[in-house]
Structure formats: C-alpha cells, structure tokens
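Presented below is the structure to which this report refers.
Throughout, read-outs are computed from the coordinates displayed, never taken from laboratory work. Predicted model, so just to flag it, every value in this text is computed and none were measured. Heads up, the Cβs are rebuilt from the backbone with ideal geometry, glycines too, and the neighbour counts pull from every protein chain shown.
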C-alpha cells in the first residue's frame with residue numbers, strides 16, 4: 001500500500017490508555033516538531049553525540065519524515081508530549097523505526113513499550129509489512145523493549161551500512177496482515 005505524503009493534518013489515529021497517568025498516544029500534529037527535536041536531542045546527547053543525519057531529521061522532520069510518507073507517533077500526558085517514535089520510509093511497505101524517545105523523568109512507567117506497540121499498530125494500519133531499526137548495545141532497556149515487541153536481530157550478512165556511528169544493533173519485525181488489513185486475493189487464473 002502506497003502512503004501519500006503527510007498533508008500536515010493528523011490522521012486522527014489516537015489511543016488513550018485508562019491508566020492513572022492518562023497517557024494518550026496519537027500521530028503527529030503541527031506544532032509537535034519542537035518536542036520531537038528536544039526529546040531526541042536529550043537522549044542522544046546523554047549517551048552519544050549528535051550526528052549529521054540527526055541534525056537533518058530533527059531540524060526538519062516534515063521534509064525528512066512526513067513529506068516522504070513517514071509518520072511520527074506521539075505520547076502525551078495532560079497535553080505534555082513525553083515521548084515520540086518515527087516511522088521513516090525505506091521502500092514500499094517498509095519503514096525504519098527511529099527517533100524513539102521518552103522524557104527522562106517519565107522513564108520506567110511503560111511509556112516506551114506502549115508507544116512502540118502503538119507505532120507498530122499504526123505501521124500495520126498504513127500498510128507496512130516490514131519494520132527495521134538500528135540501535136546500540138549501550139541501550140539495553142531499548143533493546144529489551146524491541147525484543148519483547150517481536151523484533152529479531154539481523155545477522156551481519158543481512159545488515160546494511162548505517163548512517164549512524166553509534167549503531168551496532170540491527171533488527172527487523174516482519175508484520176503479518178491484521179484482520180483489518182486488506183489482503184489481495186490470489187490470482188486463480190494463472
């Protein structure tokens with residue numbers, strides 16, 4: 001399924017959780033750019049250094065993610081954005097899960113896990129059949145969340161060179177169609 005470039009309007013994909021922290025999960029809305037950039041700069045500079053690809057994507061997420069058919073998923077509590085995760089288009093039906101961040105003071109509450117599951121569900125909804133990600137062995141909590149969500153490590157032969165020096169873990173998740181995903185019938189006239 002081909003995705004259209006992001007029009008700037010939300011796809012109205014929202015999920016509220018009934019937990020005590022009133023976490024709301026939704027897709028990007030105009031005005032989310034600053035929080036997306038600040039959340040990512042905070043975690044990257046805490047563990048690594050900002051690289052050229054970071055500066056480009058975080059400096060203009062509309063051009064580098066949304067206008068290319070990608071998405072940005074947002075986690076918020078009481079109107080405050082506390083997390084984010086992007087789906088960066090790779091090829092038709094394939095996205096890189098990237099720029100996933102949770103505010104430092106909000107970690108340990110399951111926000112990252114719930115945001116990743118929302119992002120995976122949204123990827124299915126927009127027609128993804130494969131998700132790919134790059135991470136670092138210096139982020140064991142993130143790796144655990146990815147593994148628990150079903151991502152599998154790629155062998156060295158399956159890896160492609162990364163644009164990030166920090167990337168030393170490469171994973172993928174193959175998505176099967178859900179009940180609400182249209183499946184094309186097999187051509188029985190062959």
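Here are the numbers for this structure:
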read-out	value
Residues 120, 90 arranged by fewest to most Cβ contacts within 10 Å	90, 120
Percentage of interatomic Cα-Cα distances in the stretch 14-174 larger than 21 Å	42
Computed over the stretch 101-164, Cα set: Rg, Dmax in Å	13.1, 38
Exposure proxy ranking, count of Cβ atoms within 10 Å, fewest first, for 129, 47	47, 129
Estimated FRET transfer efficiency when R0 is 41 angstrom, pair residue 147-residue 67 (beta carbons, to 0.05)	0.80
Whole-angstrom gap from the stretch 58-75 to the stretch 129-180, using each part's C-alpha centre	19
